Amino acid sequence: MSNILIIEDEEAIAELEKDYLELSAFNVTVENTGSRGLQRALKEDYDLVILDLMLPDMGGFEVCEKIRNVKNTPVIIVSAKKDDIDKIRGLGLGADDYMTKPFSPSELVARVKAHLSRYERLTAGRTERNEIIEIRGLKIDKTARRVWVAGEEKMFTTKEFDLLTFLAQNPNHVYSKEELFRHIWEMESVGDIATVTVHIKKIREKIEEDTSNPKYIETIWGVGYRFRI
Ligand code: CA
């Protein structure tokens, strides 16, 4: 359930907004001065703030600016004066929307819902989950570029990590050393095919229990390597 903060000094308006939002299953808190509203907005985690401009002790412009300095909470400004809308635009306060009083409460609810879903989409993108490969006790976090073997983290160089990840992503596929060299080292002039052998050896020392009998990266004699799944 989303939590909405209304900062509004006119009791009748605050009540009307609160009633309509509660009917749409929102949790609503009302503060009737700018400074108390700001304090609450900063201290608690609201999903959206509805902010009046003409407030006692601290105006809505200042409240909006101070919220924005710290948080990305969506802010919808409501104002009795049409002129304020130009001012809001001009100031670039970071308000997400504005409505002129009087407005229909159902329009307010519709806008609140629209902003909440937009904000959820934005934050969902930011907390995207890491891409992880897990095979028999070997865990590769591709996003964080970290590797664990039986729960213990192992350190890999960039090329070792790239080579291991490439093989693990293409299991049961036999690659020749030439192919692996092309895939991982691409156009780099450093090293040659022997580099692949050296890297495979180092990777095995980190991930295999018994390097003479590897269970992850197999040697296919005369051909190359294969990651077993
Ligand atoms: Ca007011």
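The values are calculated or read from the model by the stated rules, or taken from the named source; none is laboratory data. These numbers were taken from a predicted model, which means no experiment stands behind them. Positions of Cβ are backbone-derived with ideal geometry, glycine not excepted, and every protein chain shown enters the neighbour counts. Areas reflect the complete protein model, heavy atoms only, side chains present, ligands, DNA and RNA absent. Shrake-Rupley method; radii C 1.70, N 1.55, O 1.52, S 1.80 Å.
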Notebook entry, point to check: What are the residues whose amide H is under 5 Å from the amide H of Lys154, where those residues sit 5 or more places off or on another chain and H is modelled from the backbone?
Noted result: Val147, Trp148, Val149
Notebook entry, point to check: Give me the Kirkwood hydrodynamic radius of the stretch 3-123 in Å, from all C-alpha pairs, to one decimal place?
Noted result: 14.0 Å
Checklist line | Solvent exposure ordering (accessible area, 1.4 Å, most first) of Met99, Met54 | finding: Met54, Met99
Next item on the list: Specify the residue with the greatest mean-square fluctuation among Ile77, Ile67, Ile200, computed from a Gaussian network of the chain linking alpha-carbon atoms under 10 Å apart.
Entry: Ile200
Next item on the list: For an R0 of 45 angstrom, estimate the FRET efficiency from the Cβ-Cβ distance between Lys87 and Leu23 and round to the nearest 0.05.
Entry: 0.90
Item checked: Per-residue SASA entry for Leu16, accessible area with 1.4 Å probe, Å² rounded to 10 -> 80 Å²
Checklist line | Whole-Hz couplings from phi, Karplus 6.51/-1.76/1.60, listed for the stretch 44-60; x for Gly and Pro | finding: 10, 9, 8, 8, 6, 10, 9, 10, 7, 8, 8, 10, x, 6, 7, x, x
Next item on the list: Give me the orientation-averaged projected area of the Cα convex hull of the chain, in nm², one decimal.
Entry: 18.6 nm²
Check: Among 221-229, 7-15, how do they line up from the highest to the lowest mean number of other beta-carbon atoms within 10 Å?
Finding: 7-15, 221-229
Notebook entry, point to check: If amide H atoms are built 1.01 Å from N in the plane of the peptide, which residues on other chains or at least 5 residues away come under 5 Å of the amide H of Ile77?
Noted result: Leu51, Asp96, Asp97, Tyr98, Met99
Check: Using 18 Å as the cut-off for backbone N distance, which residues of the stretch 1-25 belong to the label zone defined by a point 7 Å from the Cα of Leu42 along Cα→Cβ?
Finding: 5-8
Check: If amide H atoms are built 1.01 Å from N in the plane of the peptide, which residues on other chains or at least 5 residues away come under 5 Å of the amide H of Glu208?
Finding: none
Notebook entry, point to check: Quick one: if you stick a label point 7 Å off each Cα along the C-beta vector at Glu131 and Ala110, how many nm between them?
Noted result: 4.1 nm
Next item on the list: With only Lys, Arg, Asp and Glu charged, each at its Cβ (+1 for the first two, -1 for the last two), find how big the charge dipole of the chain is about the Cα centre; round to the nearest 20 debye.
Entry: 1080 debye
Check: What list of ³J(HN,Hα) couplings, whole Hz, do you get for the stretch 23-31 from phi and the Karplus terms 6.51, -1.76, 1.60, once you set θ to phi - 60° and write x for glycine and proline?
Finding: 4, 8, 6, 9, 8, 10, 10, 10, 10
Next item on the list: Determine how large the accessible area of His173 is when every protein chain is in place; take a 1.4 Å probe and give Å² rounded to the nearest 10.
Entry: 80 Å²
Next item on the list: Counting helices only, and only those DSSP H runs with n ≥ 4, report the 222 nm mean residue ellipticity of the chain as the sum of -39,500 (n - 2.57) divided by its residues, in deg cm²/dmol to the nearest 500.
Entry: -14000 deg cm²/dmol
Check: Highest GNM mean-square fluctuation, the chain, Cα pairs closer than 10 Å: which of Leu38, Leu108, Leu180?
Finding: Leu180
Item checked: Protein-only accessible surface order, largest first, of Glu17, Glu62 at 1.4 Å -> Glu62, Glu17
Checklist line | Scattering curve values for the stretch 99-219, log₁₀ I(q)/I(0), Debye with Cα scatterers, q = 0.13 Å⁻¹ | finding: -0.61
Notebook entry, point to check: Once phi is turned into ³J(HN,Hα) by the Karplus curve 6.51 cos²θ - 1.76 cosθ + 1.60 with θ = phi - 60°, what whole-Hz value does each residue of the stretch 36-42 show in order, with x for glycine and proline?
Noted result: 5, x, 4, 3, 5, 4, 7
Item checked: Tyr46, Tyr216, reordered so the largest accessible area comes first (probe 1.4 Å) -> Tyr46, Tyr216
